[in-house]
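A short write-up of the structure that comes next.
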Amino acid sequence: MNEQPGTADYLLSIVIPVYNEEQGASECVRRVSKVIEDKIGCRYELIFVNDGSRDRTLDILKEEKEKNPHVKIVDLSRNFGHQAAITAGIDQAHGDAVIVIDGDLQDPPEIFPQLIEKWKNGADIVHARRLVRHGESQITKVRAAIFYRVMRQISTIDIPVDVGDFRLMSKRVVDELKGMTEQRRYVRGLATWVGYNQETIGYEREARFAGTPSYTLKTLIDLAMSGILGFSIEPLRLGWYSGLLTVAISFVMLAYWLLTHESAPNWAPLMVALLFIGGLQLICIGIIGEYVFLILDCVRKRPVYIVRDIY
Ligand code: UDP
Ligand code: MG
């Protein structure tokens, strides 16, 4: 049975991963705590995960902590990446409900009351879906739209489209996440995988308050691969599909030569066929290699992140 409190007497944990966010960190503390204090009025903790920032983010957060006792800082030993930082924050959260939000204020904290409302009405997960993305290039928008839709098609679970890591999770979902030992984390997939009552609300994603995005094309591809490897078996089936296709093509060619009685072709078609099949084989080996590496990663059982200090 899901026990969502009806009164304001619950603890809300906000998990905020930050990497080189010195320009926006103070504003983030201000805006998030203002919404909770003015519009929600519950007990709360702001868990900032400093993901190996190279700027003054940690110093600024420490100054904020002096002024605001709700601030907690989980300082990681180096930069482990967005998904690992979210995991570190979730692991430290004690709340009856936990909200994950980016530290660059692209996700507006002003929609917290709507997330809480849904949770109080029985939702275990409330995904925040990006209806509009401000301050992002056309290429970024198209790339993201395509990725979420492809992912939806090939995924073994029903991950909602246009949903990033901005979501509310109930304690029982968070407890399940804490128990997951997967190394290569795709948190939005893991949270969806847990199940229970999941709902979605729409919001307008804002431009960054300050600074520049730290996601690069390489880290984005890495994130996409984590999602695909973690929640789809389709890439492994590519070997099947392409194998069947090439066999079918070879039968068609054979039938053509038998029926038309044409003399054997010169080397060109043979070369094309060889390269085609060779290429397919290499692609399939590469895909299997990705999964083998994933297994290796899981067998090694290295921690997803290391905490240097907690303030
Ligand atoms: N972030 C992090 N570790 C990283 C990269 C990013 O904790 O290695 C944080 C970053 O500070 C921000 C959030 O994750 O709060 C999202 O990052 P970013 O804005 O670069 O991504 P985008 O909004 O472009 O997806
Ligand atoms: Mg951002």
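We did not get these values from a lab; they are worked out from the coordinates using the rules stated. From a predicted model like this one, the values you see are computed outputs, not experimental measurements. So basically every Cβ, Gly included, is an ideal-geometry build from the backbone, and we count neighbours across all protein chains shown.
Summary of values
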item: When each of Lys178/Lys218; Lys65/Lys218; Lys118/Lys218; Lys34/Lys218 is checked by Cα-Cα distance, pairs over 32 Å; result: Lys65/Lys218; Lys118/Lys218; Lys34/Lys218
item: Linear extension gain, Asn121 paired with Lys34, 0.36 nm per residue minus alpha-carbon span; result: 29.0 nm
item: Amide H within-cut-off set for Asp102, under 5 Å, with H built and near neighbours excluded; result: Asp107
item: Extended-chain gain in nm, criterion 0.36 nm per residue less alpha-carbon gap, Leu220 and Gln114; result: 35.2 nm
item: ³J(HN,Hα), Karplus 6.51/-1.76/1.60, whole Hz, each residue of region 304-311, x for Gly, Pro; result: 5, 7, 10, 8, 7, 7, 10, 10
item: Region 151-214: chymotrypsin sites (Phe, Trp or Tyr not before Pro) in DSSP coil with no more than 15 other Cβ atoms inside 10 Å; result: Tyr196
item: Amide H partners (placed H, <5 Å) of Val49, local residues excluded; result: Ile16, Val18, Val74
item: Over region 97-148, equivalent-ellipsoid semi-axes from the Cα gyration tensor in Å; result: 25, 13, 9
item: Highest-first arrangement of 250-256, 225-231, 102-108, where packing means the average Cβ count within 10 Å; result: 102-108, 225-231, 250-256
item: Fewest-first ranking of Ser170, Ser214, using other Cβ atoms within 10 Å as the exposure measure; result: Ser214, Ser170
item: Candidates per trypsin sites (Lys or Arg not before Pro) in region 37-130, loop by DSSP, up to 11 other Cβ within 10 Å; result: Arg54, Arg78
item: Span-rule helices in the chain, defined as complete DSSP H runs reaching 30 Å or more along the axis (Cα) with Kyte mean at least 1.0; result: 234-260, 267-300
item: Estimated FRET transfer efficiency when R0 is 35 angstrom, pair Ile288-Thr212 (beta carbons, to 0.05); result: 0.45
item: Label-point separation in nm, Ser26 to Ser77, each point 7 Å along Cα→Cβ; result: 3.3 nm
item: Backbone N within region 181-198 under 18 Å of label point (7 Å from Val307 Cα along the Cβ vector); result: 181-182
item: Loop-resident sites, region 220-311, for trypsin sites (Lys or Arg not before Pro), counting at most 11 other Cβ within 10 Å (DSSP); result: Lys301
item: Chain lengthening between Arg300 and Lys178 when straightened (0.36 nm per residue, less Cα-Cα); result: 42.0 nm
item: Tyr256 versus Leu236: modelled label distance in nm, points set 7 Å from Cα along the beta carbon direction; result: 3.5 nm
